[in-house]
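The block underneath contains the structure these notes are about, expressed in structure tokens.
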Amino acid sequence: MLGIKSYSSVATIPEAVDLAVIATAASTVPGIVGECAEAGVNGAIIISAGFRECGEQGAELERQILAQARRCRMRIIGPNCLGVMSPLTGLNATFASAMARPGNVAFVSQSGALCTAILDWSLREFVGFSAFVSVGSMLDVDWGDLIDYLGDDASTRSIIIYMESIGDARSFLSAAREVALNKPIILIKAGCTQAAAKAAVSHTGALVGGFEVVDADFRSCGVLRVDRISDLFYMAEVLAKQPRPKGPRLAIVTNAGGPGVLATDALISGGGQLADLSPATIESLNKILSPHWSHGNPVDILGDAPADRYAKSVELVAQDAKTDGVLVILAPQALTDSTLTAEQLKPCSKIPGKPILASWMGGAGVAAGEDILNRANIPVFPYPDTAARAFNYMWRYSYNLRGLYETPAVAEHSDERPLDRDLAGRIIQAARGSGRTVLTEFESKRLLAAYGFSTVETCEARSEEEALEAAERIGYPVVLKLLSETITHKSDIGGVHLNLADKQAVCRAYCSIESSVREKAGSGNFLGVTVQPMLMLDGYELIVGSTLDSQFGPVLLFGSGGQLVEVFKDRALMLPPLNTTLARRAIEQTQIFSALEGVRGRPRVDIAALERLLVRFSQLVVEQRWVKEIDINPLLASPEGLVALDARVVLHGPEVQEDQLIPLAIRPYPTQYVWLCKLKDGTQMTIRPIRPEDEPLMVNFHQTLSERSVYFRYFGALKLSLRVEHERLTRICFIDYDRQIALVAARKNPTSGLHEILAVGRLTKLRPANEAEFAILVTDEFQHQGLGAELTHRLVEIARQEKLDRIIGYVLAENLDMQRLCQKFGFRLQHSPGDPAVNVVLDLRNE
């Protein structure tokens, strides 16, 4: 065909085929994929359109394609995509007319048209890529697969993404959280407004989640979301060249006042701060600058500033402990040498922990200086407000990453009541058993109390006499509220009456509520009232809630509460589960946080207690999956404590089956893998999955290990200082339970009374194979007590429950004890002469 040797079918091709590129009519694609699968083709790129974006008939074609591919573990990119380029190897499996330049940035897009536009732009601007991928409808290979692959790709330094729909939320979150700490993932999300969301549905055939929920999703995994396509490439450059700032405080050095003001406006409006220069820095600047300089930040060094004045000023403000980064602005002026200034700034390009950015304003006259700065790894922006916006992205990105890997405090507190999960489950099942989907206020507060919440004493009264008895028992004044299983908007009925200070007031309120309900909603909607004390506490009204998102499952909310909650909209969203650090970050995002810290002489609320409350709330949402929506509004926060004044809980209806519940976006702590055990010497301990809160215990654990134990585990000497580095322990304690399960054997030391870890075992899943690598390490004092065997037994049991095909491990040839332990559990030992390690393999496929 046109001079190219062709074949009538895939089966007739005499050579092995690595990749099939399919660009035929949609109706023919399932058959072609079937042929490819039979021929042993490993992967296919489906460029063809006409699938789920066209309706149910197209969706059925996709189901047929996937069924054919999965028969032989064939992977699919697309359909409805531009294709894939690998510029470093020369592969161009797209219908684009040009080949991307090689580079170190991976670009992944859900829009093929955007890919071609970016490709044209990159060729003009000499921007290179390590990979250039159009994913289309993501029938098989999704964001998570690609992020995992690019995270392992040594040629990729950063990943930029154009996203319309997120697809498998858990896959994306899991991969992004794993990769983002080492490689920046910069993303722009389309479909943030209602009109754009409709456009995205028609274009990709996928639902687009709410903007706020998606934003919370990105924060929870360390992804940097930007608002403009240009910012994708700006941030890829900036994060590759400069360190991440530790905070939001920027120092600005400029030779013109106007550009400095523009940068300041952009900085402040984006949430950043002008650094408050120390008196020592001001004094040092006074010695080198004209008396007419600005004497503050921005540091206006005036229009006649020579290159050395620039360099010395930048050096001084960068040394100030109150600055987190420096922006240098140069506006072309008669006495300013932009090229020499850039040359003088080169030594400032590597300030430890503080990024330096530049804005060289002008055209061809400043081009030489721009080139010098770029070669020195100082990012240059054409306008100062763009540079300030980039700094704001940088510190927010750094802030979010620190939140992911900052060691949280232990959520349990000695003063708090233990959780009663069984009671909570009984309350919910009793309501569902009676066909109800809304808990009464009394039931809602009992549910919260089961999870350790302080609630207002609440009594149910189904007659006027019972209301009076409850009021006498509780003590006046009291509040009466409508008790109903069906009415959700109680304000429409007038169900709250305040200042009920005597019997007559209670009687009048009861009668008023009853008559109002019978008149407006029908007699069947009135069950009675709840009676509770009217609190006279001075505090803040907060809201804590949870609702369901169609993609991410439960989403948590915290913010300012009360009757005007929907007016002020002061809130932060989070994905469960939470630890105390993540809870604190959510609290800090709200305006009410500054009031909770204490303002104008008002006492401070116990923020740590509020963090622990949010952690318990997230536990409730994660563990009680029949809860569809829950609101605590208001939650009264005062120096005296945190009290749930009102609560509303909505359950899934009887039509919803357990397998229809929307999965959690982040896998929660696997409580099913917690066991009590006893060693040969009678020592009792708990074997459980590791938690981020265990980092201090892991430091102590490593201090107990002998050099021999360290050598056997790590195949060489590894200093204690390296083993207990925070950056290393975050990878050990802050794990994604979808990717690995680490078990610790923990106990409370009977002598010291302190908690301690005695052993660690780990299963790390290996992708894409359905297998895991395992390893164990036992403190010397408890070796040969059966602890290693107990950990191995539990890890093998977990591997079976996780449906893994194989477990593999590597054991030093001289570590005979570990080899015998592996043989005891059925591992095959494989050893080649001269190899220092023995491979151990346990096949689980045929069990």
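The values are calculated or read from the model by the stated rules, or taken from the named source; none is laboratory data. These numbers come from a predicted model, not from an experiment. Counting neighbours? That spans all protein chains shown, and the Cβs are built from the backbone with ideal geometry, glycine included. To get the accessible areas, we keep the full protein, side chains included, count just its heavy atoms, and leave off ligands, DNA and RNA. Shrake-Rupley method; radii C 1.70, N 1.55, O 1.52, S 1.80 Å.
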*Tally Lys/Arg at +1 and Asp/Glu at -1 over every other residue whose Cβ is under 12 Å from the Cβ of Ala256; what's the total?*
-2
*May I ask you to give the solvent-accessible area per residue for the range 153-194, in square angstrom, as obtained with a 1.4 angstrom probe?*
32
*What is the antiparallel percent of DSSP beta bridges lying wholly in the chain, to the nearest 5?*
65
*For the chain, with +1 on Lys and Arg beta carbons and -1 on Asp and Glu, the positive-most of Met163, Thr792, Ile513 along the dipole*: Thr792
*asked:* If packing is taken as the average number of other Cβ atoms within 10 Å across a peptide's residues, how do 809-819, 256-266 rank, most packed first?
replied: 256-266, 809-819
*asked:* Probe of 1.4 angstrom, ligands and nucleic acids ignored: what's the accessible area per residue over the range 521-612, in square angstrom?
replied: 43
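Within the set of other residues whose C-beta is less than 15 Å from the C-beta of Glu623, count the net charge using Lys and Arg as +1 and Asp and Glu as -1.
Charge balance near Glu623 sits at +3.
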*Between Cys54 and Lys803, what is the label-to-label distance in nm when each label sits 7 Å out along the Cα-to-Cβ direction?*
3.2
*For a label point 7 Å from the Cα of Asp659 along Cα→C-beta, name the residues of the range 50-79 whose backbone N is under 11 Å from it.*
none
*Point-to-point label distance, Asp422-Ile268, nm (Cα→Cβ direction, 7 Å offset)*: 6.0
*When the dipole is taken about the Cα centre of the range 1-139, and only Lys, Arg (+1) and Asp, Glu (-1) are charged at their Cβ, what size is it in debye, to the nearest 20?*
200
*Which percent of the accessible area of the range 303-436 is formed by carbon and sulfur heavy atoms (probe 1.4 angstrom)?*
53
*State, as an integer percentage, the relative contact order of the chain based on alpha-carbon contacts under 8 Å between residues 6 or more apart.*
7
_To make sure I understand the rule: partners must be lysines, Cα under 20 Å from the Cα of Lys765, and not fewer than 8 residues away in the same chain. Which ones qualify?_
Lys803
*asked:* Taking the alpha-carbon distance from Lys569 and a cut-off under 25 Å, which lysines remain once sequence neighbours fewer than 8 residues away in the same chain are dropped?
replied: Lys189, Lys198, Lys445, Lys490, Lys628
*Listed peptides 243-249, 748-754 by packing density, highest first (mean Cβ within 10 Å)*: 243-249, 748-754
*Could you tell me whether the range 314-446 comes out rounded, prolate or oblate from its Cα gyration tensor? Rule is a ≥ b ≥ c as square roots of the eigenvalues, rounded for a/c under 1.5, then prolate if a/b exceeds b/c, otherwise oblate.*
prolate
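For the range 570-622, which trypsin sites (Lys or Arg not before Pro) pass both filters: DSSP loop (anything but H, G, I, E, B) and at most 13 other C-beta atoms within 10 Å?
Numbers: sites: Arg571, Arg584, Arg585, Arg600, Arg604, Arg612, Arg616; in loops: Arg600, Arg604.
Passing both the DSSP loop test and the Cβ count: Arg600, Arg604.
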_Among Pro298, Ile741, Leu829, which residue has its Cα furthest toward the positive end of the charge dipole of the chain, with +1 on Lys/Arg Cβ and -1 on Asp/Glu Cβ?_
Leu829
*Hey, if you put +1 on the Cβ of every Lys and Arg and -1 on every Asp and Glu Cβ in the chain, which of Leu480, Gly3, Phe715 ends up farthest toward the positive end of that dipole?*
Phe715
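Please work out the average accessible area per residue across the range 721-847, using the 1.4 Å probe convention, and give it in Å². List each step's numbers first, then the result.
Details: 6120 Å² over 127 residues.
On a per-residue basis, 48 Å².
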*Could you look at the range 650-726 and say what percent of its accessible area is carbon and sulfur, using a 1.4 Å probe and all protein chains?*
53
*DSSP-assigned coil residues among trypsin sites (Lys or Arg not before Pro) in the range 47-107, each with at most 15 further Cβ atoms within 10 Å*: Arg71, Arg73
*Return the loop-located GluC sites (Glu not before Pro) in the range 6-48 (DSSP other than H, G, I, E, B) with at most 11 other Cβ atoms within 10 Å of their own Cβ; answer none if there are none.*
Glu15
*Based on the Cβ-Cβ distance of Glu472 and Ser434, what FRET efficiency does E = 1/(1 + (r/R0)^6) give at R0 = 30 Å, to the nearest 0.05?*
0.50
*Largest-first ellipsoid semi-axes for the range 200-351, taking √(5λ) over the Cα gyration tensor eigenvalues, angstrom*: 36, 17, 14
*Tally up the carbon and sulfur contribution to the accessible surface of the range 1-148 as a whole percent, 1.4 Å probe, everything protein left in place.*
55
*What label, among (1) 1.04; (2) 1.01; (3) 1.06, belongs to Rg/Rh (Cα atoms, Kirkwood Rh) computed from the structure on display?*
(2)
_Theoretical ellipticity at 222 nm over the chain - DSSP helices of four or more residues, -39500 (n - 2.57) apiece, nearest 500_ = -11000 deg cm²/dmol
_Need the full-extension length gain, Val410 to Asp835, defined as separation in residues times 0.36 nm minus the C-alpha distance. One decimal, nm._
148.6 nm
*Over the range 322-362, calculate the relative contact order: mean separation of alpha carbon pairs under 8 Å at least 6 apart, over the residue count, as a percent.*
65
